Amino acid sequence: MDNNLQEKPHVRRKRYSGTHPKTFEEKYKEHNPDKYKDTIEKVISKGSTPAGMHISIMVNEILDVLNIKPGEKGLDATLGYGGHTRKMLNCLNGNGHVYGLDVDETEIAKTTNRLRNMGFSEDIFTSINTNFANIGEISKQYGPFDFVLADLGVSSMQIDNPKRGFSYKLEGVLDLRLNQNKGVPAHEKLAMMTKDEIIGMLVENSNEPYAVEITNTILKWRKSRKNIDTTSKLKEVIEESLSFLPDNKEKKDIIKKTCQRVFQAIRIDINSEFEVLDSFLYSLPDVVKEGGRVAILTFHSGEDRLVKKAFKEYLRQGIFTEISKDVIRPSAEECNRNPRARSTKLRWAKK
C-alpha cells in the first residue's frame with residue numbers, strides 16, 4: 001500500500017486526574033472554542049476566561065467612540081486574540097481594511113488564522129508582526145488611518161499560559177516577555193539588577209509600598225545563590241518579605257495584591273512598556289487622518305496618566321479637536337462577567 005494513503009495513527013489526548021482538567025494544557029475543550037461552544041459559555045458565565053482565549057473588553061463602548069463606516073481604513077495597534085478587530089471588520093461590511101499589529105509571534109499567527117477562517121481575507125485584513133511603538137513606520141506604508149485602537153492590556157492567552165510566566169498563580173519559568181524571541185527573560189534580568197534599580201522598578205512601575213523589603217529579600221536570595229527563576233519562587237520571595245506582617249485575615253489579601261503589583265512592575269520593565277507607549281503616543285498625530293478617531297484602553301494609573309497627558313497636549317496644540325473629558329469605565333455587568341475588565345479605563349480623541 002502507498003504510504004501516503006495510510007491513515008495517521010490516532011493519538012490519544014493526555015489524561016488528567018480527577019473529574020475536571022486543572023492545568024492549562026489539560027483543558028482541551030477550552031482550547032477548541034468552535035467545537036465546544038457550550039463549555040466555553042459555561043466557563044465565561046462563571047466569570048472565568050477559557051484557557052487559550054481572551055474576552056474583549058468594552059467592545060460596544062469602543063465601537064461607539066470609533067464610529068466605523070464602510071470604506072474606512074483602521075489600525076488595531078494591539079491585535080491580541082482579535083476580538084476587537086473582528087467587531088471592527090464587521091462594521092466595514094466587506095468594504096475597507098483593518099491592519100492589526102502584535103509583537104507576539106506565536107499569538108499573531110493563531111489570530112490571523114482564526115480571522116481568515118471567519119472569512120476575513122487579505123483584501124480586508126492584514127496582520128503585521130511588530131511592536132505598536134512602530135506605528136509611524138506602519139502608517140508611512142499603509143496609513144494614515146480613519147480609526148485607531150490600542151488595548152494596552154496583556155492578553156489572557158499570555159497570562160493563563162504557565163510557560164509565559166505572567167501570573168503568580170501558575171507555576172512556570174519567570175519569563176514575562178511579550179515576544180519570547182527577543183530580549184532576556186525576567187529571571188535573568190532580575191539576577192543582574194542593582195538594589196537601586198530593583199527598588200526604582202517596583203516604585204515607578206507599580207507604586208509598590210514594600211519595594212525596599214522585597215528588594216532586600218531578592219538580594220538575600222542572590223547572596224545565598226538561590227535562583228528566582230520561577231513564578232512560585234518569586235511569590236515565595238514576596239511572602240518572605242512580608243513575613244513581618246501580623247498573621248490575620250488581611251495578610252493574605254496584602255500578599256495577593258503585592259504579588260500582582262510586583263509581577264506587573266517586572267513585566268512593564270522587561271517589555272519597556274512605558275517607553276513603547278511614549279513612542280506610540282508621539283507618532284499618533286501623524287498616523288490619524290483629519291476627522292479620524294482614536295480609542296485607547298489602559299489598565300493601570302501609569303498608562304492612563306501618559307495617555308491623558310498626551311491627549312491634553314494635542315488638544316492644546318490644536319491637533320486634536322476633541323478628547324474625552326473623563327475616562328469611560330466598563331459596566332458592572334461586564335465586570336461581573338469578566339473580572340479582568342475591572343481596572344480598565346477608556347479614553348478617546350478626535351482629530
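The values are calculated or read from the model by the stated rules, or taken from the named source; none is laboratory data. From a predicted model like this one, the values you see are computed outputs, not experimental measurements. With ideal geometry, Cβ positions are generated from the backbone for all residues, glycine too; neighbour counts draw on all protein chains shown. Ligands, DNA and RNA are excluded from the accessible area calculation, which covers all protein heavy atoms including side chains. Shrake-Rupley method; radii C 1.70, N 1.55, O 1.52, S 1.80 Å.
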For the range 189-237, shape from the Cα gyration tensor axes a ≥ b ≥ c, cut at a/c of 1.5 then a/b versus b/c, turns out prolate
Please give the contour-minus-distance gain from GLN317 to LYS182: 0.36 nm per residue of separation, less the Cα-Cα distance, rounded to one decimal in nm. 44.9 nm
For the range 131-137, Karplus-derived ³J(HN,Hα) couplings (6.51, -1.76, 1.60; θ = phi - 60°; whole Hz; x for glycine and proline) come out as 6, 5, 5, 8, 5, x, 5
In the range 96-154 the accessible area split gives carbon plus sulfur, as whole percent at 1.4 Å, a share of 44 percent
Over the range 201-334, what percent of the accessible surface lies on carbon and sulfur atoms, probe 1.4 Å? 48 percent
Given H placed 1.01 Å from N in the peptide plane, which residues other than close sequence neighbours of VAL288 have an amide H under 5 Å from its amide H? PHE145
So, in nm, how far is label LYS140 from label LYS257 when the simple model puts each one 7 Å beyond its Cα toward the Cβ? 4.6 nm
So what are the ³J(HN,Hα) numbers for the range 188-205, from phi and the Karplus equation (6.51, -1.76, 1.60; θ = phi - 60°), rounded to whole Hz, Gly and Pro as x? 6, 5, 4, 6, 10, 6, 7, 4, 5, 5, 5, 4, x, 4, 5, 6, 6, 8
Taking amide H positions as placed in the peptide plane 1.01 Å from N, state which residues far from GLY96 in sequence (5 or more) or on other chains have amide H under 5 Å from it. GLY71
Extend 7 Å from the Cα of GLU236 along its Cα-to-C-beta direction; within the range 212-230, residues with backbone N under 15 Å of that point are 217-230
Compute the separation of the alpha-carbon centres of the range 272-351 and the range 171-211 and state it in Å as a whole number. 26 Å
Hey, could you get me the Stokes-Einstein D for the range 163-263, Kirkwood radius over alpha-carbon pairs, 10 °C and 1.306 mPa s, rounded to whole µm² s⁻¹? 115 µm²/s
Label model pair SER121, VAL327: point-to-point distance (7 angstrom along the Cα→beta-carbon line) in nm is 4.2 nm
Scalar couplings 3J(HN,Hα) for the range 164-170 by Karplus 6.51 cos²θ - 1.76 cosθ + 1.60 (θ = phi - 60°), nearest whole Hz, x for Gly and Pro, are 8, x, 8, 10, 6, 7, 10
Among the listed pairs LYS220/LYS257; LYS87/LYS309; LYS182/LYS309; LYS182/LYS345; LYS308/LYS350, which are separated by more than 25 Å between their Cα atoms? LYS87/LYS309; LYS182/LYS309; LYS182/LYS345
Rg/Rh for the range 216-351 to two decimals, with Rh computed the Kirkwood way over all alpha-carbon pairs. 1.11
